[in-house]
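Q: Here's a structure for you.
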Number of protein chains: 2
Amino acid sequence: MKTLNIIKIGGNVIDNSENLYHFLKDFTALSGYKILVHGGGKVATQLAETLGIETKLVDGRRITDIETLRVVTMVYGGLINKNIVAQLQHFGNNAIGLTGADGNFIRATKRPVAAIDYGFVGDIDEKSVDGEGIGKLMEAGFTPVFSALTHDGEGQLLNTNADTIASALAVALSGMFETTLIYCFEKKGVLIDINDDDSIIRDIDPVRYEELKKKQIIHSGMLPKLDNAFTAIACGVKAVVIGRSDDLGELKQSKPFGTRLSKNI
Amino acid sequence: MKTLNIIKIGGNVIDNSENLYHFLKDFTALSGYKILVHGGGKVATQLAETLGIETKLVDGRRITDIETLRVVTMVYGGLINKNIVAQLQHFGNNAIGLTGADGNFIRATKRPVAAIDYGFVGDIDEKSVDGEGIGKLMEAGFTPVFSALTHDGEGQLLNTNADTIASALAVALSGMFETTLIYCFEKKGVLIDINDDDSIIRDIDPVRYEELKKKQIIHSGMLPKLDNAFTAIACGVKAVVIGRSDDLGELKQSKPFGTRLSKNI
């Protein structure tokens, strides 16, 4: 089976043009099929501020009223996405910038209003993810670059968590490709000692994960990230890797990179 | 040879959500292959104003400094393009939103600074237009929707006239498709009497064009539009049609629509 790397980057790469430049260069150098998924970074918040739109976050999730949706559509779908595409083209990587609306690749449902009204936020309809269509695009030589937007099929764009988009794509494509899902974040990996950047746990399988949770080495913020990763693995994704974007070059040199989660160590 | 309609819309369609809705519905109903090219409308100017960026126009062309380029990348490439795509998906048209950077489909050169410095404005490298790649995308079932942005291949996005993008696409694709280029504007077509909306000249060939110019029936603002149209026809485009977006439905009913320019009447 052909290999596919799906890499998700967030603010710590996007907000720093030098980091972004080096990341995109390393991304281009990776062999095999690849997909990039990016979130938004600070630019959307800054633009909203300048326009006098108040940014409301609940548990780190942006409340997306209609004005905020306009901002994220402009910033995620336009400014960030198209500049990444132009930069990748410069490196010789035939990128094509997408939202879930493009090619009807990812549909979502507007999150129902309960205790909190998240506004125009989408929860992905997992069965809607068109792995076959995206696969065809890659086989035609294009590198998909997804921004954190989907649509509901009724003409409405929806702000959608980039981690979730990356994971839904990985699951949908794992039938066709040997798929590795890579989350870039600010640390070198999952650490035994949060104060020691080199105490990286290289491999975790579900058994080890339970041990690490019991010993409280993994706790709080990392738990949902790893829970979601093991769910993706249970759905067919070969491995989920968590690491720092600067170290991505190591992958090319077949060096260990970040923390690798998989079914069996 | 398969037929292809390339349709360009501007502010008078984009700025009016009802016009846009009906246009996109009619566009979806057209048979054969199709491409949509859109300009920017008033939204970019309004956003620039809100952000305190001065809009400078010379002969109707926007001077694109780096701040203005950010605005048009957000508005053309993000807000307008992705909302059009989501709306087309709603109508069952499998649209995919693009700039010239996506798929490296259209490269341009930053306009050299002469008497006027246009800033980040691109002049299309006509040989760069990847008709084959765009053709493959259409044959895979996608409808390309281009915004008025290209890139220079060095990582720089460039603001590029939408009429010119439409015409460059038509020329590049005319070897593979029987291509008609349709410009939507505010009039029903080229008029004999500017005050009589029904005095449409239905067909113009180069001989008739010369007569109409001599009689000063066609003059001023229409001249560059028609000159460019006849250049596209000389380069292989089957016909250029100029008409009003509301009347596009007529095309489907095989009724006469707008003014048709071609080699032979």
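The values are calculated or read from the model by the stated rules, or taken from the named source; none is laboratory data. Small disclaimer: the values here were computed from a predicted structure and weren't measured. When we count neighbours, we look across all protein chains shown, and the Cβ atoms used for this are built from the backbone with ideal geometry, even at glycine.
Q: Among the residues of region A:72-110, how many are basic (Lys, Arg) and closer than 22 Å to B:Val75 by Cα?
A: So the first thing to find is which residues in region A:72-110 are basic (Lys, Arg), and the list is A:82, A:107, A:110.
Applying the additional criterion that residues be closer than 22 Å to B:Val75 by Cα yields A:82.
Of the residues in region A:72-110, 1 are basic (Lys, Arg) and closer than 22 Å to B:Val75 by Cα.
Q: In addition: I'm told A:Ile134 meets every condition in (1) in a helix (DSSP H, G or I); (2) within 10 Å of chain B (Cβ to nearest Cβ); (3) under 17 Å from the mean Cα position of the chain (by Cα) except one. Can you identify the failing condition by its number?
A: (2)
Q: For region A:105-112, check the following and say yes or no: at least one residue is facing another protein chain (nearest Cβ under 8 Å), of a type in the set (Val, Ile, Thr) and not in a helix (DSSP H, G or I).
A: Initially, region A:105-112 is screened for residues facing another protein chain (nearest Cβ under 8 Å), giving none.
Looking through region A:105-112, none of the residues is facing another protein chain (nearest Cβ under 8 Å), of a type in the set (Val, Ile, Thr) and not in a helix (DSSP H, G or I).
Q: Within the bounds of region B:16-26, is there any residue that is closer than 30 Å to B:Ala140 by Cα, aliphatic (A, V, I, L, M) and modelled with pLDDT of 95 or more?
A: There is at least one residue in region B:16-26 that is closer than 30 Å to B:Ala140 by Cα, aliphatic (A, V, I, L, M) and modelled with pLDDT of 95 or more.
Q: List, please: which pairs have Cβ atoms under 8 Å, are six or more places apart or on different chains, and start with a residue in region B:126-145 that is aromatic (Phe, Trp, Tyr) and end with one that is buried (at least 21 other Cβ atoms within 10 Å of the Cβ)?
A: Going by the 8 Å Cβ cut-off, the qualifying pairs are B:Phe142/A:Gly103; B:Phe142/B:Ala95; B:Phe142/B:Ile96.
Q: Okay, next question. Can you go through A:Gly39, A:Gly119, A:Gly60 and tell me which one is at pLDDT below 95, away from chain B (no Cβ under 14 Å) and on the phi > 0 side of the Ramachandran plot? Before the answer, list the steps.
A: Numbers: A:Gly39 fails: on the phi > 0 side of the Ramachandran plot; A:Gly119 fails: at pLDDT below 95.
Going through A:Gly39, A:Gly119, A:Gly60 in turn, just one is at pLDDT below 95, away from chain B (no Cβ under 14 Å) and on the phi > 0 side of the Ramachandran plot: A:Gly60.
Q: Scan region A:68-94 for residues that are more than 7 Å from every other protein chain (Cβ to nearest Cβ) and either touching a residue at least 40 places away in the same chain (Cβ under 8 Å) or under 18 Å from the mean Cα position of the chain (by Cα) (or both) and jot them down.
A: Filtering region A:68-94 for residues more than 7 Å from every other protein chain (Cβ to nearest Cβ) gives A:68-69, A:71-72, A:76, A:80-81, A:84, A:88, A:91-93.
A:Thr68, A:Leu69, A:Val72, A:Tyr76, A:Ile80, A:Asn81, A:Ile84, A:Leu88, A:Phe91, A:Gly92, A:Asn93, listed by residue number.
Q: Here is a follow-up. Scan (1) within 28 Å of B:Glu154 (Cα to Cα); (2) surrounded by fewer than 24 Cβ atoms within 10 Å (Cβ to Cβ) for the single condition A:Ser174 breaks and write down its number.
A: Failing condition for A:Ser174: (1).
Q: Evaluate the following for B:Thr55: is it β-branched (Val, Ile, Thr) and buried (at least 23 other Cβ atoms within 10 Å of the Cβ)?
A: On the way: β-branched (Val, Ile, Thr): yes; buried (at least 23 other Cβ atoms within 10 Å of the Cβ): no.
It is false that B:Thr55 is β-branched (Val, Ile, Thr) and buried (at least 23 other Cβ atoms within 10 Å of the Cβ).
Q: Taking region A:137-157 as the region of interest, how many residues are under 24 Å from B:Ile80 (Cβ atoms) and facing chain B (nearest Cβ under 9 Å)?
A: Looking only at region A:137-157, we keep the residues that are under 24 Å from B:Ile80 (Cβ atoms), and these are A:137, A:142, A:144-157.
Okay, now just the ones that are also facing chain B (nearest Cβ under 9 Å), so A:137, A:142, A:145, A:147, A:149, A:151-157.
Count: 12.
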